[in-house]
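To start, the structure itself, in structure tokens.
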Amino acid sequence: MRQVFRTPWAAASIVATIAVLTACNKNQPTTAAAPPAVADKPMPAPVAVVNGTPITRTEYDIYVKSLLQGKQQELTPEQKAQVLDELINMELLSTIGDKDGLEKDPDVAAQLKILHMRVLADAESQKFLKGQEPTDTDLHAEYETAIASMDKTEYHARHILVATKDQADDVIKKLKGGAKFDELAKTQSTDGSKTNGGDLGWFSLSRMVKPFGDAVKTLKKGEYTQQPVQTQFGWHVIKLEDTREVTAPPFDQVKPQITNALIRKKLQAYVADLKKNAKIEKNL
């Protein structure tokens with residue numbers, strides 16, 4: 001139940017956006033092809049040749065990027081040698097696997113197909129997103145829209161979560177009898193916040209399930225719900241500790257998140273158009 005306030009752009013979709021952009025730009029173990037030969041410019045020598053099969057510099061560099069997951073880091077000579085040994089080992093094993101006909105194994109074939117789809121999908125995403133950077137006008141418009149819709153108040157509350165209404169009624173009875181809320185939370189609540197006396201910290205109402213948020217906004221500082229509140233998690237008794245006004249983050253601070261959000265919207269719209277023109281049959 002614990003919720004942390006976030007700006008409108010710090011949602012799951014933004015995490016997915018970052019993942020898409022990272023996959024497109026940095027983590028492509030097999031997407032990038034060797035650069036085309038330029039007239040009078042020899043191709044770089046392979047980093048290794050295994051039984052006559054070269055491991056190219058491009059393949060090595062892409063594999064390093066996939067291991068680093070986009071981090072800017074210079075490998076030591078020992079680490080570079082270790083990475084090369086891993087590629088050599090993979091080449092040796094994959095060659096034997098090819099001779100053994102493992103590509104015909106249903107599980108192996110399915111994994112290869114998924115990998116093929118993922119690599120091409122990432123490459124197509126990169127191609128589509130190239131040149132799709134939002135303008136400053138787009139970014140400011142998105143910022144203003146999000147600021148207008150964001151919660152202007154944060155709440156600090158505690159709760160006691162139990163399995164049944166009778167248990168919640170009993171908790172309220174004990175509170176009316178003088179029991180301390182945090183102590184009851186430690187002994188009665190089934191939520192992970194019980195160790196902190198039911199403390200949920202600061203949150204905005206939109207981050208909570210609706211029945212819980214609706215109950216919180218009716219309370220005054222120091223009050224607790226006189227009737228149990230039911231959600232999909234169980235029955236709650238909620239106490240409001242305090243409220244505070246929220247200041248919107250400055251544009252420059254959230255510009256990267258807004259940029260990712262708008263780029264993801266464009267990518268989602270592109271995929272949606274592809275779906276409209278595709279014949280899709282689901283049999284799951």
Return the pair list, or none, for Cβ contacts closer than 8 Å from residues in the stretch 210-233 that are small (G, A, S) to residues that are in a loop (DSSP other than H, G, I, E, B), at least 6 apart or on different chains.
A215/T225
Exactly one condition in (1) in a helix (DSSP H, G or I); (2) of a type in the set (V, I, T); (3) free of Cβ contacts under 8 Å to residues at least 60 places away in the same chain; (4) surrounded by 12 or more Cβ atoms within 10 Å (Cβ to Cβ) is not met by I172; state its number.
(3)
Which numbered condition trips up T247, out of (1) closer than 30 Å to A168 by Cβ; (2) part of a loop (DSSP other than H, G, I, E, B)?
(1)
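Here's the yes/no breakdown for (1) at pLDDT below 95; (2) buried (at least 18 other Cβ atoms within 10 Å of the Cβ); (3) not in a helix (DSSP H, G or I):
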{"position": "Q227", "(1), (2), (3)": "no, no, yes"}
{"position": "A261", "(1), (2), (3)": "yes, yes, no"}
{"position": "A272", "(1), (2), (3)": "no, no, no"}
{"position": "K275", "(1), (2), (3)": "no, no, no"}
Could you look through the stretch 175-193, keep only residues that are among the hydroxyl-bearing types (S, T, Y) and surrounded by 15 or more Cβ atoms within 10 Å (Cβ to Cβ), and pick out the one that is nearest to H236 (Cα to Cα)?
S189
Among (1) surrounded by 17 or more Cβ atoms within 10 Å (Cβ to Cβ); (2) part of a helix (DSSP H, G or I), which single condition is H159 missing?
(2)
Given the conditions (1) without any contact (Cβ under 8 Å) to a residue 40 or more places away in the chain; (2) among the small types (G, A, S); (3) on the phi > 0 side of the Ramachandran plot; (4) buried (at least 17 other Cβ atoms within 10 Å of the Cβ), which single one is not true for G198?
(1)
For the stretch 233-240, indicate whether the set of residues that are basic (K, R), surrounded by 18 or more Cβ atoms within 10 Å (Cβ to Cβ) and farther than 30 Å from G131 by Cβ is non-empty.
yes
For the stretch 84-95, indicate whether the set of residues that are more than 30 Å from G197 (Cβ to Cβ) and either outside any helix (DSSP H, G or I) or modelled with pLDDT under 95 (or both) is non-empty.
no
How do the pairs read when you match residues in the stretch 156-168 that are assigned by TED's automatic domain parsing to the domain that holds V216 and over 13 Å from A185 (Cβ atoms) with residues anywhere that are crowded, with 22+ Cβ neighbours inside 10 Å and among the aliphatic types (A, V, I, L, M), using Cβ under 9 Å and keeping only pairs 6 or more apart or on different chains?
H156/L200
Could you please let me know if A185 is outside any loop (DSSP other than H, G, I, E, B), within 17 Å of G222 (Cβ to Cβ) and either small (G, A, S) or at pLDDT below 95 (or both)?
yes
Can you find a residue that is touching a residue at least 12 places away in the same chain (Cβ under 8 Å), within 25 Å of the chain's Cα centre (by Cα) and surrounded by 10 or more Cβ atoms within 10 Å (Cβ to Cβ) anywhere in the stretch 100-117?
yes
Against the condition modelled with pLDDT under 95, small (G, A, S) and within 24 Å of the chain's Cα centre (by Cα), how does S193 come out, does it pass?
no
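The values are calculated or read from the model by the stated rules, or taken from the named source; none is laboratory data. This is a predicted model, so every value here is computed, not measured. Cβ atoms come from the backbone with ideal geometry, glycine included; neighbour counts cover every protein chain shown.
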